[in-house]
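Let me begin by presenting the structure, written as structure tokens, before commenting on it.
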Amino acid sequence: MGLEMITTQFLISALKSRYCIDSFYGVAKALEVTKAAAYDWKHGRTTIGEPVARRVADLLGVDVSVIYAAMQAEKATDPHSKAIWIGIYAKIGGQDAYDFIKKTCFDQKKNAA
């Protein structure tokens, strides 16, 4: 299996699952942003910015550096820049963070306990 990337959509889904949030309004409230910002994420118009990345990292219990690198890779339009950010993401434990989020937020057995 290849490197799995953390994306804005993955993070939002993880927050919704882990904290039983059922709407993007709830996501906006949890992250202390406007509803418009949450809807922009929902529709792929923007990625999570740095201040919100810190809140997401705290809420999900992962290193903010990984979230920053993932967001930079996601929004990079130049293939070389994207490759650099993906390399950084891999070197600082991106796959481990992805696996941790997946396990703690989406593992049905854990959530049912």
Notebook entry, point to check: Across segment 1-49, what is the number of residues that are touching an Asp or Glu at 6+ places or on another chain (Cβ under 6 Å) and either within 20 Å of Lys102 (Cα to Cα) or assigned to a helix (DSSP H, G or I) (or both)?
Noted result: 2
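Given Gly26, Gly2, Gly44, which one is at pLDDT below 95, under 16 Å from Gly94 (Cα atoms) and surrounded by fewer than 20 Cβ atoms within 10 Å (Cβ to Cβ)?
Of Gly26, Gly2, Gly44, the one residue that is at pLDDT below 95, under 16 Å from Gly94 (Cα atoms) and surrounded by fewer than 20 Cβ atoms within 10 Å (Cβ to Cβ) is Gly2.
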Next item on the list: Determine whether segment 76-86 contains at least one residue that is under 15 Å from the mean Cα position of the chain (by Cα) and small (Gly, Ala, Ser).
Entry: no
Notebook entry, point to check: Hey, among Ala53, Ala57, Ala70, Ala83, which residue is part of a helix (DSSP H, G or I), small (Gly, Ala, Ser) and loosely packed, with under 14 Cβ neighbours inside 10 Å?
Noted result: Ala83
Next item on the list: Hey, could you check segment 1-44 for residues that are in contact (Cβ under 8 Å) with a residue 40 or more places away in the chain and aromatic (Phe, Trp, Tyr) and say which is farthest from Leu60 (Cα to Cα)?
Entry: Phe10
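The values are calculated or read from the model by the stated rules, or taken from the named source; none is laboratory data. Remember, predicted model here, so these are calculated numbers, not experimental data. So basically every Cβ, Gly included, is an ideal-geometry build from the backbone, and we count neighbours across all protein chains shown.
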